[in-house]
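Trainee: Structure below; questions to follow.
The values are calculated or read from the model by the stated rules, or taken from the named source; none is laboratory data. Predicted model only: the values in this text are computed from it and were never measured. Glycine gets a Cβ as well: all are built from the backbone with ideal geometry, and neighbour counts include every protein chain shown. Ligands, DNA and RNA are stripped out before the accessible areas are found, and what is left, the full protein with its side chains, is counted by its heavy atoms. Shrake-Rupley method; radii C 1.70, N 1.55, O 1.52, S 1.80 Å.
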There are 2 protein chains.
Amino acid sequence: MGEPTRLKAIAAQLNLSQSTVSRALNDYQDISARTKQLVREVADELGYQPNMHARRLALGKSETLGYVMPWQDRQATESFLSELMAGMAKALAAYGWDLTVLVPHSVDEELELFQKIARTRHISGLVISRTYSDDRRFQLLRDLQIPFVSHGRSNDSNATAWLDVDNELAFAEMTAHLASLGHRRIAHIAGPEVYNFARQRTDGWRRGIGEAGLDPHSAPLEMTDLSFEGGKAAMQRLLALDMPPTAVCCVSDVVAIGAMQAIREAGLVPGREVSLVGYDGLEIGAWIEPPLTTMRQPQQSAGRRLAEMLISLVEGRTRPSDNQELVRASLVRRETANPPVSDWSEGRQGVRQTTRENSGGF
Amino acid sequence: MGEPTRLKAIAAQLNLSQSTVSRALNDYQDISARTKQLVREVADELGYQPNMHARRLALGKSETLGYVMPWQDRQATESFLSELMAGMAKALAAYGWDLTVLVPHSVDEELELFQKIARTRHISGLVISRTYSDDRRFQLLRDLQIPFVSHGRSNDSNATAWLDVDNELAFAEMTAHLASLGHRRIAHIAGPEVYNFARQRTDGWRRGIGEAGLDPHSAPLEMTDLSFEGGKAAMQRLLALDMPPTAVCCVSDVVAIGAMQAIREAGLVPGREVSLVGYDGLEIGAWIEPPLTTMRQPQQSAGRRLAEMLISLVEGRTRPSDNQELVRASLVRRETANPPVSDWSEGRQGVRQTTRENSGGF
DNA sequence: GAGTCAACCGAAAACGCTTTCGGTCGTGAT
DNA sequence: ATCACGACCGAAAGCGTTTTCGGTTGACTC
């Protein structure tokens, strides 16, 4: 297990020149079939693997893509991050490319990082995520001529490559689903407007409200950050309304789980007095009581697509605007979206007691 | 934003040779302070960043570490994976090193991957996780002379570098805690024995049982895979015993959450008739009803330490056996570990009714 | 004022690959 | 026999660093 075998070694063994061996392995046309055959045999007999650095230096490209982890807010999306990354890494491995993860501490540091990458070029393309509606990164990456694809759109992504879920459609459908169950007061717990996906989801909810023949202006809307506590607080505000909603579209599963907590603490049962739908399709949603109805998008295949798109961009086979892909989320029916019960909120005290007797044993 | 600036450019601008510039930037002793100063100024005025591939080719090392994602069983540990990776990436970034993620589909593919890395050397060290008691990877990595540190020990890790949590101590403490609350029948839902950590945890539980003056042989023990469903099924088996346990030590939070489900479905209340302690410190544990008592180990700092240890190994500053670190998990007191209620299991029917009335409104 | 010795710096090789540019064959046509 | 032409292959340059090895200064000693 001494020194790794180099091109030179296999050249020596066959009495060929190094350059011939190189071209044989790279399947050049001016090498005879017989020679190629021989070279290949000796190559994998000796377990030859090209030295990446030399190769990349000569080629001038890196065959390495970077994924910028969203690490601003410590938690939230974490759980499907690793799944997304696994999808990307697997797809890249099929091409012999590598995936390196970048973890900037702040927005400014992220922009600096881009500058550095632009100079060293040791990463030849980036996947960014957690896009803002107003996202400085797009402009900068274009200026720096770093190929990139974003997981999620922004105001500035018309001409760039992206993979996004149709958030608006998802929330329109979610709202329609709740309306079809008979709900008339369908609220929305929205995420921070700076996030593009949060805005899209609010838009979708609003569209759904309208399409259900309800009044978007009177529909209850609460904002929150993407946390359990935030969801809980937002739900508490909704419950304090004169006319509390009978159903709530939540911007994320984590927020929805927080909302469930608020509902329970008010002595009500999630999915009974107040229906709930989350978003993300987290597995844990199925493990809580009652299991959370939600919408899911496939994370692994998203990772794969992101990787494939970026490769083709880096290779120059396609233009950014050719790589825009909208995927559809699908409803995961569990147990928190049900027809409304008779108007509980007009006789709250009475209802609260009834609930206590029924909240266990689902 | 045309071509990135190279050594040559800054040499030309200062009428110096390329080699002088290189040595100035690398702080060689035989370059005058004045020259170094000048070179540095021009360097960052021009935004110079060394070409990684050239540098790594010349140096013969890669300044890139790899993290082998545990992807055998699709889920389980996912949630803290990204946190761990973020910790690693951040630590590495401080040294200017990169982290690439590797996602083998199977054990065999993982071993092949190691072979490849040994030849290309484009990754100069590995962090592996999800160690088995009997783990082929240790031997192979040693043979291939790839520096590595494992997150978790194995039978074969006496002389290698590792960072592990003291699983045995953690479960001994967990058991002691339950015993101190008054429990006498403390069961264990164990993970697959192939995983070293699962075995350690079972050992710890057994030790705790003994130290509490109880009989390890009669203490109920159930095995399961590391899944929600597995935990649920195991708990069901425990509940079906003649003398069901009043407390259960679960190998992981996910398993514990599954167990809670089984308890609820039996008409009982987790933390009341049956106390539970999980392990991992997952955030979601705090969001369920009732919040799950568990044990936590810091993931981000673990990532950082793993990275630091591996760097010092790759640099040859320390030997593997100098890098063995045992960290301690700490109990996170939530609401599923309480004193036992009076012997419910001898009058189960009656208890069941009582429970129904009290299970809501926590 | 010749010799010594630091202090500084430049030339050039090396890392291992890719790729361009010729060069050497044998073949077929003239 | 000569020429042209493919088919194959070797020599060598180049990618951008690092690092060894001398070589040139000037100051300093006696």
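Trainee: Please give the net charge around A:Glu109, taking every other residue with its beta carbon less than 15 angstrom from that of A:Glu109, where Lys and Arg add +1 and Asp and Glu add -1.
Mentor: Summing Lys/Arg as +1 and Asp/Glu as -1 gives +2.
Trainee: I've got another one for you. Only helical DSSP H runs with n ≥ 4 go in: add -39500 (n - 2.57) per run for chain B, normalise by residue count and round the 222 nm mean residue ellipticity to 500 deg cm²/dmol.
Mentor: My calculation for chain B gives -14000 deg cm²/dmol from helical runs alone.
Trainee: What is the projected area of the convex hull of the Cα atoms of region A:109-242, averaged over all directions, in nm²? Before the final figure, lay out the partial values.
Mentor: Values: hull surface 38.5 nm².
Computed as one quarter of the Cα hull surface, the answer is 9.6 nm².
Trainee: Could you work out the percent of alpha carbon pairs in region B:7-50 separated by over 12 Å, rounded to a whole number?
Mentor: On the way: 471 of 946 pairs.
Of all Cα-Cα distances in region B:7-50, 50 percent exceed 12 Å.
Trainee: Choose one of B:Ala94, B:Val277, B:Ala259: the residue whose Cα lies farthest towards the positive end of the charge dipole of the protein assembly as shown (beta-carbon charges +1 Lys, Arg; -1 Asp, Glu; about the Cα centre).
Mentor: The listed residue farthest towards the positive side: B:Ala94.
Trainee: Additional query: Using θ = phi - 60° and the Karplus relation 6.51 cos²θ - 1.76 cosθ + 1.60, list the HN-Hα couplings for region A:14-30 in order, rounded to whole Hz, with x at every Gly or Pro.
Mentor: With coefficients 6.51, -1.76 and 1.60, one gets 10, 6, 10, 8, 4, 5, 4, 4, 4, 5, 4, 5, 8, 6, 5, 6, 8 Hz.
Trainee: Sorted from largest down, give the three principal axis spans of the alpha carbons of region B:29-186, whole angstrom values.
Mentor: 76, 38, 30
Trainee: Between A:Ser342 and A:Ser106, what length comes free when the chain is fully extended (0.36 nm per residue of separation minus the Cα-Cα distance, one decimal in nm)?
Mentor: Contour length minus Cα-Cα distance gives 80.1 nm.
Trainee: Here's another thing I want to ask about it. In region A:150-175, which residues have a backbone nitrogen under 19 Å from the label point lying 7 Å from A:Glu193's Cα in the Cα-to-Cβ direction?
Mentor: Under cut-off, by backbone N: A:153-156, A:168.
Trainee: Roughly how many whole Å is it from the C-alpha centroid of region A:1-69 to that of region A:253-321?
Mentor: Spelled out, the Cα-based centre of one part sits 45 Å from the other.
Trainee: Let me ask something else about it. Relative to the present Cα-Cα distance, how much length would full extension add between A:Asn158 and A:Arg319 at 0.36 nm per residue of separation?
Mentor: Extra length available between A:Asn158 and A:Arg319 comes to 56.7 nm.
Trainee: Tell me the distances, shortest first, between A:Gly210 and the same position across the other copies, using label points 7 Å along Cα→Cβ, in nm to one decimal.
Mentor: Copy-to-copy label distances at A:Gly210, shortest first: 7.2 nm.
Trainee: Express as a percent, rounded to the nearest 5, the fraction of DSSP beta bridges in chain A (both residues included) that run antiparallel. All intermediate terms of the calculation are to be shown ahead of the outcome.
Mentor: Numbers: 4 of 34 bridges.
So the antiparallel bridges in chain A amount to around 10 percent.
Trainee: A further question on this structure: Place a +1 charge on the Cβ of each Lys and Arg in the protein assembly as shown and a -1 charge on the Cβ of each Asp and Glu, then give the dipole magnitude about the Cα centre in debye, rounded to the nearest 20.
Mentor: Taking the Cα centre of the protein assembly as shown as origin, the dipole is about 1480 debye.
Trainee: When each copy gets a label point 7 Å from Cα toward the beta-carbon at A:Leu59, what are the spacings between them in nm, shortest first?
Mentor: Here the equivalent label points are 2.1 nm apart from this one.
Trainee: Quick one: Kirkwood hydrodynamic radius for chain A, alpha-carbon pairs, angstrom, one decimal? It would help to have the intermediate numbers written out before the result.
Mentor: Working: mean 1/r = 0.0430 Å⁻¹.
Final number for the Kirkwood radius of chain A is 23.3 Å.
Trainee: Going by a ≥ b ≥ c, the root eigenvalues of the Cα gyration tensor, does the protein assembly as shown fall in the rounded group (a/c under 1.5), the prolate group (a/b larger than b/c) or the oblate group?
Mentor: oblate
Trainee: May I pose another question? With everything on Cα atoms, drop me the angle between helix A:299-314 and the longest principal axis of chain A, reported from 0 to 90° to the nearest 10.
Mentor: Approximately 40 degrees, to the nearest ten.
Trainee: Hull surface divided by four, with the convex hull built on the Cα atoms of region A:95-172: how many nm²? Write out the running numbers ahead of the final one.
Mentor: Working: hull surface 25.0 nm².
Dividing the Cα hull surface by four gives the mean projection, 6.2 nm².
Trainee: Which of B:Trp205, B:Trp71, B:Trp162 ends up with the largest GNM mean-square fluctuation for chain B, with Cα atoms connected below 10 Å?
Mentor: Judging by the Gaussian network model, the answer is B:Trp71.
Trainee: Oh, and also: Of the heavy-atom accessible surface of chain B (probe 1.4 angstrom), what whole percent is carbon and sulfur?
Mentor: 48
Trainee: With charges set only on the Cβ (+1 for Lys and Arg, -1 for Asp and Glu), what does the dipole of region A:236-299 come to about its Cα centre, in debye to the nearest 20?
Mentor: In total the dipole reaches around 60 debye.
Trainee: Calculate how many DSSP beta bridges within the protein assembly as shown are antiparallel, expressed in % of all such bridges and rounded to the nearest 5.
Mentor: Once the DSSP bridges in the protein assembly as shown are tallied, antiparallel ones form about 15 percent.
Trainee: Helix A:33-45 versus the longest principal axis of chain A: what is the Cα-based angle in degrees, 0 to 90, to the nearest 10?
Mentor: Tilt relative to chain A: about 70 degrees.
Trainee: Between chains A and B, what is the buried accessible area summed over both chains (1.4 Å probe, protein heavy atoms, nearest 100 Å²)?
Mentor: 5500
Trainee: If we hang a label 7 Å off Cα along the beta carbon direction at A:Gly182, how far is it from the matching labels on the other copies, in nm, shortest first?
Mentor: Output for A:Gly182: 4.6 nm, nearest copy listed first.
Trainee: What distance in nm separates the simple spin-label points at B:Asn15 and B:Gln29, each placed 7 Å from Cα in the Cβ direction?
Mentor: That separation, rounded to one decimal, is 3.0 nm.
Trainee: For A:Met223, which sequence-distant residues (separation of 5 or more, or a different chain) have an amide H within less than 5 Å of its own amide H, given hydrogens modelled in the peptide plane?
Mentor: Here A:Ala190 satisfy the definition.
Trainee: Using Cα centres only, tell me the gap between region B:214-228 and region A:100-160 in whole Å.
Mentor: Taking the Cα centre of each part, region B:214-228 and region A:100-160 sit 49 Å apart.
Trainee: What percent do you get for the relative contact order of region A:7-50 when only Cα pairs under 8 Å and 6+ apart count? Show your work: numbers first, answer last.
Mentor: Details: 30 pairs, mean separation 16.8, N = 44.
Answer for region A:7-50 is 38 percent.
Trainee: Using a Förster distance of 22 angstrom, determine the FRET efficiency expected from the C-beta separation of B:Leu241 and B:Arg184, and round it to 0.05.
Mentor: Calculated transfer efficiency: 0.95.
Trainee: Pairs of alpha-carbon atoms within less than 8 angstrom and 6+ residues apart define the contacts here; what relative contact order does chain A have, in percent?
Mentor: Details: 659 pairs, mean separation 59.4, N = 362.
RCO, chain A: 16 percent.
Trainee: What per residue convex hull volume, in Å³, do the alpha-carbon atoms of region B:191-330 yield?
Mentor: With only Cα atoms used, region B:191-330 gives 128 Å³ per residue.
Trainee: Can you give me the angle between helix B:196-211 and the longest principal axis of chain B, using Cα atoms only, in degrees from 0 to 90, rounded to the nearest 10?
Mentor: Helix B:196-211 and the main axis of chain B meet at about 40 degrees.
Trainee: Please list, in chain and number order, the residues 5+ apart from A:Gly125 or on another chain whose amide H is under 5 Å from its amide H, with Hs placed from the backbone.
Mentor: HN-HN under 5 Å from A:Gly125: A:Gly66.
Trainee: Right, another one. Beyond 13 Å, how much of the Cα-Cα pair distribution for region B:219-261 remains, as a whole percent? Before the final figure, lay out each step's value.
Mentor: Working: 380 of 903 pairs.
So the pairs more than 13 Å apart make up 42 percent of the total in region B:219-261.
Trainee: In debye to the nearest 20, how big a dipole does chain B give about its Cα centre with +1 on each Lys and Arg Cβ and -1 on each Asp and Glu Cβ?
Mentor: On the way: 40 positive and 45 negative charges, 178 e Å.
Rounded to the nearest 20 debye, it is 860 debye.
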